[in-house]
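Asks: Mind looking over this structure? Questions follow.
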Amino acid sequence: MSFGERPLFAGARLSQLGQIPMTSSPRLRRLSLVRDTEPRDPLPFSDAVMNRTSAETCAMVHRNLVENRPHASRQAFDLYAPMVERVLRRVLGDSNEIEDLIQQVFATVFAKFRKVKNPSAFRSWVYGVTVRVARNYLKRARRRRLWFATERAEEAPDEATLEPSDELATQSLRRVFEILDRMRVDHRIVFSMRVFEELSVREIAEVLDCSESTVKRRYGRARNEFEEMAAADWYLSQWMRNADRGPDHE
């Protein structure tokens, strides 16, 4: 079966491309929503507890916010900010507005945490807030974006001048997000959650508050659209050939 006829990203290859390099912002810990005036005494949670995401920990973090404990906002931020940043980067790519969006997520979290009905699922609620912020950002960006012609053929570079394989993967990843930029926002959100975050259909449906059949329909359309555009991209096809050959052929 030829490259254009088979599923473009299957099994390990899909996960491989989904490993987006995470570069945490050096300012992540200094976002204005977590006041520097908060006491610097030892946190009531040990590092081991802070690294857990159990239902018990979620309920405890939520309870501390409700009770307005001195360390509550910093505690919630320290525990969930890495997840929030990861999700935003995997959905939006290398946007220079990630820091602002992280602040927007936690502004919503700190304003609406009392509406959480199940404190044991507080992390999932924060995840849902993050996805909604990303979706709203994409919709705004789509409205203001100036579209250029995308159908023009791109000249393939000379194979003798190809970059190393890691650079090829970087270029391929950039092309992935260029393709995602051309998708419908709802399709892109589902695709990113399924491919990059590796969530199940049920988990995506819970986060987006929609039916599983809706998730399956959106993902199916998004994947078909993605594969059609990716199959015509020189960098992505070259990356796939390298992936097919494996390390023994490098």
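Asks: Starting from a Cα-only point model with no solvent, please compute log10 I(q)/I(0) by Debye for the stretch 173-240 at q = 0.27 1/Å.
Replies: -1.16
Asks: Tell me, what is the Rg over Rh of the stretch 88-138, with Rh the Kirkwood radius over Cα pairs?
Replies: 1.00
Asks: Note down the nm distance, to one decimal, between modelled labels 7 Å out along Cα→Cβ at Arg221 and at Asn96.
Replies: Spacing of the two 7 Å Cα→Cβ label points: 3.3 nm.
Asks: Looking at the stretch 113-145, which trypsin sites (Lys or Arg not before Pro) are DSSP coil and have at most 15 other C-beta atoms within 10 Å of their C-beta?
Replies: Lys117, Arg145
Asks: Using the beta-carbon distance between Glu198 and Asn68 and R0 = 30 Å, what value does 1/(1 + (r/R0)^6) give for FRET efficiency, to the nearest 0.05?
Replies: Calculated value: 0.25.
Asks: On to the next question. Once you have the Cα-Cα distance between Ala232 and Cys210, take 0.36 nm times their residue separation minus that, and quote the gain in nm to one decimal.
Replies: 4.7 nm
Asks: Please list, by residue number, everything in the stretch 63-79 whose backbone N is under 12 Å from a paramagnetic label point 7 Å out along Cα→Cβ of Glu56.
Replies: Those under the cut-off are none; the list is empty.
Asks: Gain in length, Arg135 to Gln103, computed as 0.36 nm per residue apart minus the alpha-carbon separation, to one decimal in nm?
Replies: Length difference between fully extended and current span is 10.0 nm.
Values quoted throughout were computed directly from the atomic coordinates according to the rules given, and no laboratory measurement underlies them. Bear in mind that the values here come from a model prediction, so they are computed numbers and not experimental data. Note: ideal-geometry Cβ built from the backbone for every residue, glycine included; neighbour counts use all protein chains shown.
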